[in-house]
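To start, the structure itself, in structure tokens.
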Amino acid sequence: MVEMKKMMMVMPGHISCKELDEKLDDYLEGQLSLWDQFRFKLHFFICKACKAYAAGYAKTVGLIKGSTGNENAQDTDVPEDLIQGILAKSAEEPEA
Ligand SMILES: [Zn+2]
């Protein structure tokens with residue numbers, strides 16, 4: 001996963017762990033734009049720590065709101081093809 005994480009760093013508009021943390025509430029409530037949602041999903045794809053964090057957080061929030069069972073909802077709905085395509089595209093760009 002190290003290589004993918006490197007690629008992530010050169011992608012336009014990549015989201016940082018800090019930004020993810022700050023916007024996690026909005027994400028879980030569906031308040032973000034599609035682009036931001038995608039950035040979140042992409043981050044979860046490369047960052048296991050945030051994925052686990054968000055899943056735990058969603059579970060906690062779900063418990064509070066009385067709607068459990070959705071903690072995995074954001075895990076699988078990004079087609080891997082799409083992510084691979086974007087990563088491949090950004091990898092083609094010159095480094096300088
Ligand atoms: Zn992260």
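The values are calculated or read from the model by the stated rules, or taken from the named source; none is laboratory data. Everything numeric here is computed off the predicted structure, so don't read it as measured data. Every residue, glycine as well, gets a Cβ built from its backbone with ideal geometry; the counts of neighbours run over all protein chains shown.
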Exactly one condition in (1) modelled with pLDDT of 70 or more; (2) surrounded by 11 or more Cβ atoms within 10 Å (Cβ to Cβ) is false for residue 74; which is it?
(1)
Pairs under 6 Å by beta carbon, first residue over 15 Å from residue 19 (Cα atoms) and more than 13 Å from the ligand (Cβ to nearest atom) in the stretch 49-64, partner outside any helix (DSSP H, G or I) and among the charged types (D, E, K, R), six or more apart or different chains?
58/71; 59/71
List the pairs whose first member sits in the stretch 6-21 and is under 13 Å from residue 36 (Cα atoms) and modelled with pLDDT of 70 or more, whose second member is assigned to a loop (DSSP other than H, G, I, E, B) and near the ligand (Cβ under 9 Å from one of its atoms), and whose Cβ atoms are under 9 Å apart, counting only residues at least 6 apart or on separate chains?
20/47
